[in-house]
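The values are calculated or read from the model by the stated rules, or taken from the named source; none is laboratory data. Source: prediction; values computed, not measured. Ideal geometry is used to build each Cβ from the backbone, glycine not excepted, and the neighbour counts take in all protein chains shown.
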Amino acid sequence: MSLDLSVDLCGIRLPNPLVLASGILGTSAPLLERVARCGAGAVTTKSCGPAPRAGHPNPTVIDWGGGLINAVGLPNPGVEAEVEIIATAIEQLAPLGVPLIASIFAETVAGFAAVAERISTANPDLIEVNISCPNVTAEFGRPFALDPASAAQVTAAVRAATTLPIIVKLSPNVTDIVAIARAVEDAGADAIAAINTLGPGMVIDVESGQPILANRVGGVSGPAIRPIAVRCVYDICAAVSVPVVGIGGVTCGRDAVEMLMAGATAVGVGSAVYQGGPEVFGHIRDELAGWMQAHDYASLSEFRGIAHER
Amino acid sequence: MSLDLSVDLCGIRLPNPLVLASGILGTSAPLLERVARCGAGAVTTKSCGPAPRAGHPNPTVIDWGGGLINAVGLPNPGVEAEVEIIATAIEQLAPLGVPLIASIFAETVAGFAAVAERISTANPDLIEVNISCPNVTAEFGRPFALDPASAAQVTAAVRAATTLPIIVKLSPNVTDIVAIARAVEDAGADAIAAINTLGPGMVIDVESGQPILANRVGGVSGPAIRPIAVRCVYDICAAVSVPVVGIGGVTCGRDAVEMLMAGATAVGVGSAVYQGGPEVFGHIRDELAGWMQAHDYASLSEFRGIAHER
Amino acid sequence: MSGNLPSAARIVSITEENVRVKTLVLNARAQAQPGQFAMVWLPGADEKPFSIVDDHPLTFTIARVGPFTQQVHALNVGDRLWWRGPFGRGFEIVEGNGAHLLIGGGYGAAPLAFLARRLRAAGRQVIAIIGAKTKAELLLEARFAAMGCTVVVTTEDGSAGGRGLATDVARDVAHRERVATVYACGPEGMLAAVERLCAELHLPGQVSREGYMRCGLGVCGSCHHGPWLVCRDGPVFTVG
Amino acid sequence: MSGNLPSAARIVSITEENVRVKTLVLNARAQAQPGQFAMVWLPGADEKPFSIVDDHPLTFTIARVGPFTQQVHALNVGDRLWWRGPFGRGFEIVEGNGAHLLIGGGYGAAPLAFLARRLRAAGRQVIAIIGAKTKAELLLEARFAAMGCTVVVTTEDGSAGGRGLATDVARDVAHRERVATVYACGPEGMLAAVERLCAELHLPGQVSREGYMRCGLGVCGSCHHGPWLVCRDGPVFTVG
Ligand SMILES: Cc1cc2nc3c(=O)[nH]c(=O)nc-3n(C[C@H](O)[C@H](O)[C@H](O)COP(=O)(O)OP(=O)(O)OC[C@H]3O[C@@H](n4cnc5c(N)ncnc54)[C@H](O)[C@@H]3O)c2cc1C
Ligand SMILES: Cc1cc2nc3c(=O)[nH]c(=O)nc-3n(C[C@H](O)[C@H](O)[C@H](O)COP(=O)(O)OP(=O)(O)OC[C@H]3O[C@@H](n4cnc5c(N)ncnc54)[C@H](O)[C@@H]3O)c2cc1C
Ligand SMILES: Cc1cc2nc3c(=O)[nH]c(=O)nc-3n(C[C@H](O)[C@H](O)[C@H](O)COP(=O)(O)O)c2cc1C
Ligand SMILES: Cc1cc2nc3c(=O)[nH]c(=O)nc-3n(C[C@H](O)[C@H](O)[C@H](O)COP(=O)(O)O)c2cc1C
Ligand code: FES
Ligand code: FES
């Protein structure tokens, strides 16, 4: 039986549904290429802002037992340098047929539009709009993703600044994620990514009595957040008609299947790289393929979203 | 060196800071007594509403790997029967010096007041007001704990209905838990409990394609939620002056120390009973005492809240 | 982080034990003690506790009593059902001279058949008293006999074996033979009678109780029996 | 769910190796290969990568170069510091005839001392070339000598040993003696020279690289070197 793992995400073809999540290994063209060679169906760059940023001091990332907690603080070389990285990466990815998603952030709505416009000149396949990082705050000091109106504002501004398809990445740390999803869909998002890190959380070192992260709090990711991510994806898919990239705690083929059954079009993988290395993409892809074969599925659409049926 | 583990919670003395969390083993007087004998410093009854409720069909509780996910649906015998259970339990707990916290819920603000008034006749040491269960929804179909105004309304109504100290239990599933904490403190809460279960979450059985819980979604508890709980407790303690019962993912002495360092006055333990049985209370208490001894602390106040110092 | 999610298994054989009871053999294995149970799930239907009556392959013997067991009875070979477990504390095989006296009421005979197999494999003498309301509801007598147990059948209406309660038969046996331990599974009334019998005859006993199961994990408190949790401290409890 | 949080350890001894370098021995143990590193944390200060220079007891050799190492140098015996690790890939002890040639520049001598101890314990011949800018910055020569290594010292200003680069000395040695493998740790420029040397002489080599470490866990991408992560695929890389 022929097996087709490919995905159409906003008109872009992914050879398989596994997407390298932003902030993981997405810092250089050779690394992005390596991840693609390891089996990713698409790769996302580390979120990039208008100007270079150093990020927070260490400790920035800790394995607390249920996954990771991080407050890296969006270190990035700024959009000018990023354009170079992306241009090189696209060239190296082209022969592999693996598309590139450029992730962007900014501190203001106008900043988002400016970065989107500039990054578009490098011609990534899609732009991911990271409105959900705790380090990107709207006027009122909170991430744009925590409020439907600011989320929509950013989306509309980016929509106007580029002709590329845009994915808006949401935060789970809200009372009603569906309201935010509807708002960004209405404002012109071509797709939604969910979820960014959970929390924030805090892990205290009981010997010093101090929070371990230099930033004191950080976003929680990895296996611990999977049930939250699956529910968010399920609820968003029931409410919007744009495709959803389901992200959060996926570490194996079974988890990818679960995300697809919740309705995700593609599946982001981030923290799993910690235990599994870049090779984890090939492993998850092969497990997914093996599971489909064992269950007589020829393509993802045969079981995508079936958790919604009763 | 003499070691004092005791806690003063709203004028009530707990022999140690470990509190049996509501919904775990709190269904009968003999069980509550057993938990106290196992080493709990206080016990909370299963949340009780105005009338008997059957709860959701099974599956209601699942071990998903990072802890539990549950949608038990607040089965309870109703306040009339609960008054009997509490009266018996208090009698059995008295010789042990372990106070009883009566947890209540209702579907309306007036319902909360009525249950509080009736339950007070059984004379529990404290009343815990569960406004955060996904099954207790305000007019607009969401738990009262998701909105500062409704949270305050319930608190004020309960405050007026009883002279007993009241603990209001908050949900982490909000954009801004500090705003809710401030609202319930202003409305007369004597203490705050945080957190109730996270999410909701969803776990899908990939063989059937169906969410495992009959209720499809459920609250996530256990080790996976600890960093979120610690951050909530830390943030609430920085913002209010009433004591906080820190709950979420505590399974060992180290975790209890972490909650206390975040500022908690007492520490709730729920899901840890799954792996450790009721005996887990004695184990955590002994680990806490051993840790204090090793670090030359004679009482909890010597390190409570030290994570706030820089 | 692997947890204990329900696993799907296919039904490889179905035996009709009597008018109300079927035995389902699955293509799955567990490592269980007789008396332990599993939570059996049918997606979209419900999840309910059932004794593991064999662990290798995993086997359940299920009486049709209500909506869920009705749906299980409607399944065919090749269909799937889901299970998680084993849970709880099973029967402990006790040292001691004399016969091992098994008292099964209704579907209670099912876990005892698993116990009998283990006892016989260990070379013990087993006397199985199988009680039921009426002949049509008798369960597994032939299976106990085939294992080399002495089988005594009793029905409340006398339609098979002697007429009377299993506990009365047990008392007679215990007066005639040296008994090492009593193991019982059945309705609460029968178990209470077994408890009294063990006290009366100074015999160690183990009874498998029922409780209303939600979590099966020892947290929700719904299966409480005094200070005990049937799902965790039981279902098998020591008496006498 | 135990994770890999920093552990606190007490300093049991401090040795001043030279004007800028101290060796701190902790009351902790690790299981590490020479070349692996740990993230060393001082609460309220920072967390930085350091080579494990002994694992039993855990030992670091730390050069004072900036704010964090300054704070570490201010610690006294009895004070605590925190560490997580070991991380990364260490030196692999390679079979083969001849001497094992170690080339250390600056604090790079530290992990090589750990490697030398393992090599000597396995009975191998070790030639250690210790280079520094100037005499005051030479590190651990005596320790290598005490282990029975042949030690060659070289400084850029000629204030101790010969004047010149460690790699030039290495070339001379390799022309005189049969060399099994080259192991190097030091500044990036020296490592590049070692790479060229290995290619030129057809010698297998292993070099320990630096990278800017944030997570140490192979996720943040901050330590990238081409397609490799220094924290995970390195810090030791094969060359030649
Ligand atoms: C430890 C244990 C082992 C069991 N082993 C077996 C077995 O091997 N074979 C067998 O046929 N039956 C067994 N049962 C009983 C079985 O669980 C019930 O027959 C089944 O749940 C009935 O479900 P229903 O929907 O068909 O009937 P319903 O109409 O829902 O219930 C009928 C009766 O079943 C019992 N019951 C229903 N739900 C539960 C529940 N969640 N937990 C406990 N009891 C319940 C109650 O007594 C109820 O009155 C066991 C029960 C327990 C507690
Ligand atoms: C794998 C590895 C092993 C190392 N082993 C040792 C050792 O055994 N002994 C030793 O003295 N030093 C070692 N270092 C270097 C050590 O990490 C730096 O000296 C230290 O981080 C300097 O911090 P600072 O605040 O004192 O100085 P800063 O002024 O902050 O930095 C001085 C220089 O140190 C380096 N540095 C700073 N931060 C980092 C970082 N997060 N990751 C990597 N490099 C950084 C940079 O080159 C920087 O220019 C090692 C580095 C790496 C990557
Ligand atoms: C170390 C680290 C850095 C991250 N940086 C970014 C980032 O720059 N931009 C972004 O949108 N998400 C970032 N994330 C979030 C991930 O893309 C992802 O949404 C989240 O980790 C959940 O997925 P996971 O459980 O598979 O890791 C980061 C996550 C981690 C662990
Ligand atoms: C099975 C189960 C039932 C629960 N029922 C209640 C309840 O009735 N009332 C309530 O306030 N909290 C209830 N909770 C939430 C717990 O009291 C606690 O807040 C939460 O589980 C987090 O703590 P833990 O991680 O220690 O379990 C329940 C939790 C579980 C797992
Ligand atoms: S069924 Fe939940 S405690 Fe026994
Ligand atoms: S330091 Fe983060 S990937 Fe190496």
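It is to be established whether one or more residues within region C:190-205 are away from ligand 1 (no atom under 16 Å from the Cβ), assigned to a loop (DSSP other than H, G, I, E, B), more than 15 Å from the chain's Cα centre (by Cα) and surrounded by 15 or more Cβ atoms within 10 Å (Cβ to Cβ). Checked against the condition, which is being away from ligand 1 (no atom under 16 Å from the Cβ), assigned to a loop (DSSP other than H, G, I, E, B), more than 15 Å from the chain's Cα centre (by Cα) and surrounded by 15 or more Cβ atoms within 10 Å (Cβ to Cβ), region C:190-205 yields at least one hit.
Among the residues of region C:40-72, which ones are part of a helix (DSSP H, G or I), in contact with a strand residue (DSSP E or B) (Cβ under 8 Å, 6 or more places away or on another chain) and either farther than 27 Å from residue C:91 by Cα or away from every other protein chain (no Cβ under 14 Å) (or both)? Please lay out each step first, then the result.
Restricting attention to region C:40-72, the residues satisfying the condition of being part of a helix (DSSP H, G or I) are C:67-72.
Checking which are in contact with a strand residue (DSSP E or B) (Cβ under 8 Å, 6 or more places away or on another chain) leaves us with C:67-69, C:71-72.
Within region C:40-72, C:67, C:71 meet the criteria.
Of all residues in region D:11-27, none satisfies being near ligand 2 (Cβ under 8 Å from one of its atoms), part of a strand (DSSP E or B) and modelled with pLDDT of 95 or more. Among the candidates D:189, D:218, the residue that is of a type outside the set (A, V, I, L, M), out of contact with any helix residue (DSSP H, G or I) (no Cβ under 8 Å at 6 or more places or on another chain) and either at pLDDT below 90 or within 16 Å of ligand 2 (Cβ to nearest atom) (or both) is uniquely D:189.
Collect the residues in region B:63-82 that are more than 10 Å from chain C (Cβ to nearest Cβ) and either crowded, with 20+ Cβ neighbours inside 10 Å or at positive phi (or both), keeping them in residue-number order. Please lay out each step first, then the result.
The first filter runs over region B:63-82 and keeps only residues more than 10 Å from chain C (Cβ to nearest Cβ), leaving B:71, B:74, B:76-82.
Within region B:63-82, B:71, B:74, B:76, B:78, B:79, B:82 meet the criteria.
Among residues of region D:55-76 being surrounded by fewer than 22 Cβ atoms within 10 Å (Cβ to Cβ) and touching a helix residue (DSSP H, G or I) at 6+ places or on another chain (Cβ under 6 Å), the one that is farthest from residue B:310 (Cα to Cα) is D:63. Which residues, counting only those in region B:19-33, are within 13 Å of the chain's Cα centre (by Cα) and within 11 Å of chain C (Cβ to nearest Cβ)? Hits for region B:19-33 are B:20, B:21, B:22, B:23, B:24, B:25, B:26.
Among strands (runs of 3 or more DSSP E) entirely within region B:193-267, having at least 2 residues that are within 9 Å of chain A (Cβ to nearest Cβ) singles out B:198-201, B:218-221. Only a single item in (1) assigned by TED's automatic domain parsing to the domain that holds residue C:179; (2) under 28 Å from residue C:201 (Cα atoms) is not met by residue C:137, and it is number (2).
So is residue C:167 within 21 Å of residue C:21 (Cα to Cα), away from ligand 1 (no atom under 13 Å from the Cβ), crowded, with 18+ Cβ neighbours inside 10 Å and of a type in the set (S, T, N, Q) or not? Steps first, answer last, please.
Details: within 21 Å of residue C:21 (Cα to Cα): no; away from ligand 1 (no atom under 13 Å from the Cβ): yes; crowded, with 18+ Cβ neighbours inside 10 Å: yes; of a type in the set (S, T, N, Q): yes.
No, not satisfied.
Any chance region A:4-18 includes a residue that's within 14 Å of chain D (Cβ to nearest Cβ) and part of a loop (DSSP other than H, G, I, E, B)? Checked against the condition, which is being within 14 Å of chain D (Cβ to nearest Cβ) and part of a loop (DSSP other than H, G, I, E, B), region A:4-18 yields no hits at all.
The number of residues in region C:206-221 that are within 25 Å of residue C:41 (Cβ to Cβ) and crowded, with 22+ Cβ neighbours inside 10 Å comes to 10.
Every residue in region B:21-50 that is part of a strand (DSSP E or B) and within 19 Å of residue B:257 (Cβ to Cβ), please. So that I can check it myself, show each step before the final result.
First, the residues of region B:21-50 that are part of a strand (DSSP E or B): B:42-44, B:48.
The one that is part of a strand (DSSP E or B) and within 19 Å of residue B:257 (Cβ to Cβ): B:42.
Looking at region C:137-151, can you tell me whether even one residue there is surrounded by 24 or more Cβ atoms within 10 Å (Cβ to Cβ), more than 15 Å from ligand 1 (Cβ to nearest atom), in contact (Cβ under 8 Å) with a residue 12 or more places away in the chain and under 27 Å from residue C:31 (Cβ atoms)? The answer is yes; a qualifying residue exists.
Residue check: residue B:266 meets all listed conditions (1) over 22 Å from residue B:199 (Cα atoms); (2) touching a Cys at 6+ places or on another chain (Cβ under 7 Å); (3) surrounded by 22 or more Cβ atoms within 10 Å (Cβ to Cβ) but one, namely (2). If the condition is being within 12 Å of another protein chain (Cβ to nearest Cβ) and either within 16 Å of ligand 6 (Cβ to nearest atom) or of a type in the set (A, V, I, L, M) (or both), then region B:34-62 contributes B:35, B:36, B:43, B:54, B:61, B:62. Only residues that are more than 18 Å from residue A:263 (Cβ to Cβ) and either surrounded by 17 or more Cβ atoms within 10 Å (Cβ to Cβ) or in contact with a Leu (Cβ under 7 Å, 6 or more places away or on another chain) (or both) were counted across region A:291-310, and they come to 2. Once region C:131-164 is narrowed to residues that are in contact with an Asp or Glu (Cβ under 7 Å, 6 or more places away or on another chain) and assigned to a loop (DSSP other than H, G, I, E, B), the residue that is farthest from residue C:91 (Cα to Cα) is C:134. Go through region C:173-189 and count every residue that is within 16 Å of residue C:35 (Cβ to Cβ) and either within 14 Å of chain B (Cβ to nearest Cβ) or away from ligand 1 (no atom under 16 Å from the Cβ) (or both). Number of matching residues: 2. In the set (1) among the hydroxyl-bearing types (Ser, Thr, Tyr); (2) within 16 Å of ligand 1 (Cβ to nearest atom); (3) more than 14 Å from chain B (Cβ to nearest Cβ); (4) more than 15 Å from the chain's Cα centre (by Cα), residue C:208 fails one condition alone, (4). Residue check: residue C:239 meets all listed conditions (1) buried (at least 16 other Cβ atoms within 10 Å of the Cβ); (2) within 29 Å of residue B:64 (Cα to Cα) but one, namely (2).
Scanning region C:94-118 for residues that are surrounded by fewer than 24 Cβ atoms within 10 Å (Cβ to Cβ) and under 15 Å from the mean Cα position of the chain (by Cα) gives C:106, C:114, C:117, C:118. Of everything in region D:81-124 that is of a type in the set (Lys, Arg) and either part of a helix (DSSP H, G or I) or within 14 Å of chain A (Cβ to nearest Cβ) (or both), the residue that is farthest from ligand 5 (Cβ to nearest atom) is D:120. Of everything listed in (1) within 11 Å of chain B (Cβ to nearest Cβ); (2) in contact with a strand residue (DSSP E or B) (Cβ under 6 Å, 6 or more places away or on another chain), the single unmet condition for residue A:166 is (1). Taken over region A:128-178, the criterion of being assigned to a strand (DSSP E or B) and modelled with pLDDT of 95 or more is satisfied by A:128, A:129, A:130, A:166, A:167, A:168, A:169.
Please specify each residue of region C:222-236 satisfying the condition of being of a type in the set (A, V, I, L, M, F, W, C) and either crowded, with 22+ Cβ neighbours inside 10 Å or within 11 Å of ligand 1 (Cβ to nearest atom) (or both). Reasoning before the result, please.
Filtering region C:222-236 down to residues of a type in the set (A, V, I, L, M, F, W, C) leaves C:223, C:228-231, C:236.
Correct list: C:223, C:229, C:230, C:231, C:236.
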